[in-house]
1. Which GluC sites (Glu not before Pro) in region 1-107 sit in a loop by DSSP (not H, G, I, E or B) and have at most 15 other Cβ atoms within 10 Å of their own Cβ?
2. Given 10 °C and 1.306 mPa s, compute D for the chain with the Stokes-Einstein relation, Rh being the Kirkwood radius over Cα pairs; round to the nearest whole µm²/s.
3. Run the numbers on the chain and let me know its relative contact order in percent, using alpha-carbon pairs under 8 Å that are six or more apart.
4. Report the Cα centroid-to-centroid distance between region 182-200 and region 216-246 in angstrom, as an integer.
5. Among Phe182, Phe59, Phe223, whose mean-square fluctuation peaks in a Gaussian network model of the chain (Cα, cutoff 10 Å)?
6. Loop by DSSP (not H, G, I, E, B), at most 16 other beta-carbon atoms within 10 Å: where is the longest site-free stretch of the chain for trypsin sites (Lys or Arg not before Pro)?
7. Where a ≥ b ≥ c are the square roots of the eigenvalues of the C-alpha gyration tensor, would you call region 1-120 rounded, which needs a/c under 1.5, or, failing that, prolate if a/b is larger than b/c, or oblate?
8. Scan the chain and note any complete DSSP helix (H) whose C-alpha atoms cover at least 30 Å along its axis and whose Kyte-Doolittle average is 1.0 or more.
Amino acid sequence: MTYTQGVVLGLVQGLTEFLPVSSSGHLILVPYLFGWPDQGLAFDAVMHLGTLAALLAYFRRELLGMASGAVPRRLAAMLGLATIPGAVAGLLLGKLIETELRWPIVIAISTGAWAIVMWIADRRAVAAPMAAGDPLERVSWAQGLAVGCAQVLALIPGTSRSGITITTALLGGVDRATAARFSFLLGIPITAGAGMQKALHLGKTGLPAGELGPLIVALVTAFVSGWFAVWLLVNYLKTRSLRPFVVYRLLLAGAIFALVLWA
């Protein structure tokens, strides 16, 4: 990996991991356009660490509040239980999905199909509550657990973890900005688990020779771009809809279909 690859792929991963546009679709399309080889395990591990750090930095107040009791423990318990379906499915099906479903045509279909579902959910979205207090504390157990179960679908390449969880929250009656915040908080355990798993594997195989510098650049780029993506989406959805992301996903699906046909 070169420094240029580190910057570009770190930027792409940091942005698309959190924006509801499918990171897997971009990580297939971008290397193809530039003629780069597969990024490899070291890149995957570093990217997960970078995006995890972005989530921890952005939600530090909420996390400290849950740890200290300033935020109701009910929210922490809900996030913990909602993490279980995705974690179990990842352990049982992760390798199978990586080998059998990580095909451009699958990613294209998934990217386009879930864009339509997102559009339907966005049209049904409720307005943000005007009552005092943090809207996160009013997410019900049914809403939270439904979003947690939706993380299982995120294992299918092209779905987008943030996209499917935000969509599910909207269908369950959560407003857009709160749906995004809950989705990102719920993503912390999953991102941490995936990062630790890949880091342990990388510890056994070792870093590729001469790639430490580019990997550090990729890590920093993923952290900065990831933090920006979280900030952007949470604030954007306070007053705007998901429609631009729906259109973008449909265009991305078309681009991947074209890639498959021309390959």
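1. Details: sites: Glu17, Glu62, Glu98, Glu100; in loops: none.
Taking region 1-107 and a limit of 15 other Cβ atoms within 10 Å, no loop GluC sites (Glu not before Pro) are found.
2. Reported coefficient: 85 µm²/s.
3. It rounds to 42 percent for the chain.
4. 17
5. Of Phe182, Phe59, Phe223, the most mobile in the Gaussian network model is Phe59.
6. On the way: sites that count: Arg102, Arg124, Lys238, Arg240.
Excluding the exposed sites themselves, the longest stretch runs over 125-237.
7. Working: a/c = 2.00, a/b = 1.49, b/c = 1.34.
The shape class here is prolate.
8. Working: long enough: 73-100 (39 Å, 0.94); 176-205 (42 Å, 0.43); 212-236 (35 Å, 1.80).
The qualifying helices are 212-236.
Read-outs: derived from the displayed coordinates by stated rules, not from any lab. Nothing here was measured: the structure is a model prediction, and the numbers come from that model. Every residue, glycine as well, gets a Cβ built from its backbone with ideal geometry; the counts of neighbours run over all protein chains shown.
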